[in-house]
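Q: Have a look at the structure that comes next, please.
The values are calculated or read from the model by the stated rules, or taken from the named source; none is laboratory data. For clarity, every value in this text was computed on a predicted model and none was experimentally measured. Here Cβ is always computed from backbone atoms with ideal geometry, including for glycine, and neighbour counts include all displayed protein chains.
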């Protein structure tokens, strides 16, 4: 007898094939049987006495895999992963952009804690990568977790924010740390080459660490050194790491940003050429023409040297501000109109006007009577060095072009948030709540950029195959029962830039490892996720 049978659904197998009317038998967390049925009629699986979930003619697909997530720390303080599970995400790939929360050293612990300022506190009782994975699993988690080790975290643990090449001893120490993380379950290495201290590394250093992952069958995930005017040269660097280290390359949140607007075709052509030459490169993308990151990421790298305290000192120095301003204008000339501040930190203006949240820097500056540059420097130096921004710096045509590519899958670049409590504050990017439904609503149903089977493939089996997971991402006998039931005609992302803390509509049921996590559109609170370790 099955634990549960899902019947009367249009089954999408995750491989991009046409759907079929079917029912699915689940036993001990796995899919034990898949059978075709006649529309509206019960099949043999649902007639053996097991509990039955009637899908009501809706789509039944594998659970969505978020290929690019920053939930490393949020999953510890929000294990129910509300903003992800409610959009059908059953697996997150964390540790992105060089910023994993493990391993931890005596030198990096205060720096890592400071980078999570504003988040609910938890005890940092892990040090090794394996101990972090143990902590996530023992605490319980709603989604499955695949973790990468961050190059920036490794460098921070050995060199802090020193802006220099490592000594031979430091280099070997960092390589050992990467090797240990991989042996303890990391699926690969990630870099964030616009963020200090990762931005201080050259290609040779990165290649050395990538080789440690390559030897163990891991992957190299990279936030490129540039996504604007120099995006093509930044991609070339990533490809060179792939060639030298003989490692598969995954380019994070692929885009044509800022001064590269309109160059989506050039970006894709470069990747296609590399693949034709034997470089195993793919990418992920979020379905928005706006990005989000820390405002400090747009400061020149020399400002970050020595860490946050030194950065704040430089920003507060009137003699250095003209030089900082000149360097920032080189990379993004219209930043004051393109950048929105989710949390305005009204202490800067000694004003309690919360209506300024989510407004453009130019608007906020005018409202509080400050020059935009003074506002930016004050935000980072007086209020919060970790102030984030939402940047409207892409063209919709590029977003759609990149989305169509068979080399590109889906990743939110978001975190597991919760509308209730401290994680529901401010106006963060809506991708935290809406990425997967937005693909299915805006780009499948409304704009016809993708077919429904192809969109599901990009969010399920394509991701699982890239990670080397043979029993995830498909509706197939023997696979783990990570399953989503949704209404293709009603599914919609409700999160907006003005009101981002909203769950989507149209996601009816979500199952993680055979356990129901969402029932009739409501989170059950189940913590059935597993931490997956690279064998």
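Q: Looking only at residues that are closer than 20 Å to residue 496 by Cβ and assigned to a helix (DSSP H, G or I) in segment 363-399, which one is nearest to the chain's Cα centre (by Cα)?
A: The qualifying residue nearest to the chain's Cα centre (by Cα) is 399.
Q: I'd like to check something: does segment 256-276 contain any residue that is closer than 20 Å to residue 94 by Cα and under 20 Å from the mean Cα position of the chain (by Cα)?
A: No, segment 256-276 has no match at all.
Q: Based on this model, can you work out whether residue 476 counts as over 21 Å from residue 411 (Cα atoms), modelled with pLDDT of 95 or more and either touching a strand residue (DSSP E or B) at 6+ places or on another chain (Cβ under 6 Å) or assigned to a loop (DSSP other than H, G, I, E, B) (or both)? Steps first, answer last, please.
A: Working: over 21 Å from residue 411 (Cα atoms): yes; modelled with pLDDT of 95 or more: yes; either touching a strand residue (DSSP E or B) at 6+ places or on another chain (Cβ under 6 Å) or assigned to a loop (DSSP other than H, G, I, E, B) (or both): yes.
The answer is yes for residue 476.
Q: Assuming residue 111 fulfils every condition listed in (1) part of a strand (DSSP E or B); (2) surrounded by fewer than 24 Cβ atoms within 10 Å (Cβ to Cβ) apart from one, which condition is it?
A: Failing condition for residue 111: (1).
Q: Restricting attention to segment 182-192, does a residue exist that is at negative phi, in contact (Cβ under 8 Å) with a residue 40 or more places away in the chain and out of contact with any helix residue (DSSP H, G or I) (no Cβ under 9 Å at 6 or more places or on another chain)?
A: no
Q: Run down 278, 228 and say which single residue is within 22 Å of residue 389 (Cβ to Cβ) and in a loop (DSSP other than H, G, I, E, B).
A: The conditions single out 228.
Q: Can you give me the number of residues within segment 428-441 that are part of a helix (DSSP H, G or I) and under 24 Å from residue 359 (Cβ atoms)?
A: 6
Q: Kindly check whether there is at least one residue in segment 150-171 that is outside any helix (DSSP H, G or I), touching a residue at least 40 places away in the same chain (Cβ under 8 Å) and surrounded by 23 or more Cβ atoms within 10 Å (Cβ to Cβ).
A: Yes: one or more hits.
Q: What number of residues within segment 222-274 are touching a strand residue (DSSP E or B) at 6+ places or on another chain (Cβ under 7 Å), touching a residue at least 40 places away in the same chain (Cβ under 8 Å) and over 23 Å from residue 69 (Cβ atoms)?
A: 1
Q: With the requirement that a residue be more than 18 Å from residue 171 (Cα to Cα) and either part of a helix (DSSP H, G or I) or under 23 Å from the mean Cα position of the chain (by Cα) (or both), what does segment 193-219 give you?
A: Within segment 193-219, 194, 195, 217, 218, 219 qualify.
Q: Could you pull out every one of the strands (runs of 3 or more DSSP E) wholly within segment 12-60 that has 2 or more residues that are closer than 13 Å to residue 476 by Cα and modelled with pLDDT of 95 or more?
A: Numbers: elements: 20-27, 30-36, 52-54.
Because the criterion is at least 2 residues that are closer than 13 Å to residue 476 by Cα and modelled with pLDDT of 95 or more, the strands (runs of 3 or more DSSP E) in segment 12-60 that meet it are 20-27, 30-36.
Q: Right, here's the next one. Can you pull out every residue in segment 78-102 that is in a helix (DSSP H, G or I) and more than 27 Å from residue 193 (Cα to Cα)?
A: 82, 83, 85
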